[in-house]
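S.K.: Dropping a structure here in structure tokens format, bear with me for questions.
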Amino acid sequence: MRDHGGDIDRAARAWGGTDWIDLSTGINRRPYPVPDLSPAHWHALPTASALDALVDGARKAYGLPEAAACLPLAGAQAAIQLIPRLRPPGRVGIVSPTYNEHAAAFAREGWQVRDIDAPQPGFDALVVVNPNNPDGRCHDPEPLAALAGDCLVVIDESFGDVAPGLSAARCLGRASLLVLRSFGKFYGLAGVRLGFACGAAADIGALAEAAGPWAVSGPALEIGRAALADMAWADATRARLRAEAPRLDQAAGTAGWRVVGGTDLFRLYETPDAAAAQDALDRGGIWSRAFPWSARWLRLGLPGSEAEWVQTEAALRAIRDT
């Protein structure tokens, strides 16, 4: 079983060929057009003014209140690894099933990790992915934020760009409440390695100290600044993804699969046998994501170009015809 999405090299090693489509991650396959960068972004250390410009852009794009601080990092993953160090180890409840790196990061720092079905008090830390990966479950952000205080509440909004109304950004500023945002997923630029941790100044200051200087590269600062300022592209992309998600559901239905969740960036299907379904997609050049805790669930991101849609739909029809 594959522990994560991505790692498309594994597809070629296992099956051969070069025309693979990686739908295992939920990353937008129509990326933001990267602007031309001056040589200074590559050969000089990132400047404080470039960092400030990116933070200003993130504050506007995510609707952060004045009381909230914002820290750019090398992807939301960097924040996930650092957050367990903000408090002495205790008990952390993680609304599950979800992205498994949250549990791994807390366990590495000596926390007692407990999978829970729904957000609840009684823990020293609480992690909620909203909307959730992989089933797309959504939570009202205000009751989540109200749990912060003695409990460190981490709301991972890595897929939140397609559901901005779910964001807990408006609740930020109180101690022990953190919101994580991923840049690479919605903007289709995971290789830039950019994400944000947002919260009270003291918590974000502690994360910044742990991350050290130059946590984000100069090119990432400039690409992120330009993309976050392009609200027209973001609005058009949200509308496109919302319109295209039913197309993938319809194609999966031809294979006899049933949609059980997801977001506009990825879909989750119940199949008769996830391992067999994954192997069948592999034969069609489609890299997918199954899960060790479910024998039937399979996740697919949305294809990008029309050629990718045609190849994906053909692979799903081939499953129907076998």
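S.K.: Consider only pairs whose beta carbons are under 9 Å apart and that are at least six residues apart or on different chains; among these, list those whose first residue lies in segment 9-24 and is part of a loop (DSSP other than H, G, I, E, B) and surrounded by fewer than 10 Cβ atoms within 10 Å (Cβ to Cβ) and whose second residue is at pLDDT 90 or above and of a type in the set (D, E, K, R).
M.R.: Filtered contacts from segment 9-24: no entries.
S.K.: Can you pull out the residues in segment 145-171 that are more than 19 Å from Thr237 (Cα to Cα) and open to solvent by 10 Å² or more (accessible area, probe 1.4 Å)?
M.R.: Ala146, Leu147, Ala148, Gly149, Asp150, Cys151, Arg170, Cys171
Listed here are the residues, each with its yes/no results for (1) open to solvent by less than 10 Å² (accessible area, probe 1.4 Å); (2) over 21 Å from the mean Cα position of the chain (by Cα); (3) among the acidic types (Asp, Glu).
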residue	(1), (2), (3)
Ile80	yes, no, no
Ile83	yes, no, no
Gly93	yes, no, no
Tyr99	no, no, no
Ala104	no, no, no
Ala118	no, no, no
Pro121	no, yes, no
Leu126	yes, no, no
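S.K.: Additional query: Only one of Asp279, Asp249, Asp273, Asp203 is open to solvent by 10 Å² or more (accessible area, probe 1.4 Å), out of contact with any strand residue (DSSP E or B) (no Cβ under 9 Å at 6 or more places or on another chain) and of a type in the set (Asp, Glu); which?
M.R.: Asp279
S.K.: OK, next. Closer than 28 Å to Ile8 by Cα, out of contact with any strand residue (DSSP E or B) (no Cβ under 8 Å at 6 or more places or on another chain), of a type in the set (Gly, Ala, Ser) and part of a loop (DSSP other than H, G, I, E, B), is that true of Gly188?
M.R.: Yes, satisfied.
S.K.: Name the residue, out of Leu45, Leu37, Leu82, Leu86, that is in contact with a Leu (Cβ under 6 Å, 6 or more places away or on another chain) and on the phi < 0 side of the Ramachandran plot.
M.R.: Leu82
S.K.: With respect to Ala215, determine if the residue is surrounded by 18 or more Cβ atoms within 10 Å (Cβ to Cβ), outside any helix (DSSP H, G or I) and more than 18 Å from the chain's Cα centre (by Cα).
M.R.: yes
S.K.: Can Arg114 be described as in contact with a Gly (Cβ under 7 Å, 6 or more places away or on another chain), more than 21 Å from Ile204 (Cβ to Cβ) and surrounded by fewer than 17 Cβ atoms within 10 Å (Cβ to Cβ)?
M.R.: The answer is yes for Arg114.
The values are calculated or read from the model by the stated rules, or taken from the named source; none is laboratory data. These numbers come from a predicted model, not from an experiment. Every residue, glycine as well, gets a Cβ built from its backbone with ideal geometry; the counts of neighbours run over all protein chains shown. Keep in mind that these areas ignore ligands, DNA and RNA; they rest on the heavy atoms of the full protein, side chains included. Shrake-Rupley method; radii C 1.70, N 1.55, O 1.52, S 1.80 Å.
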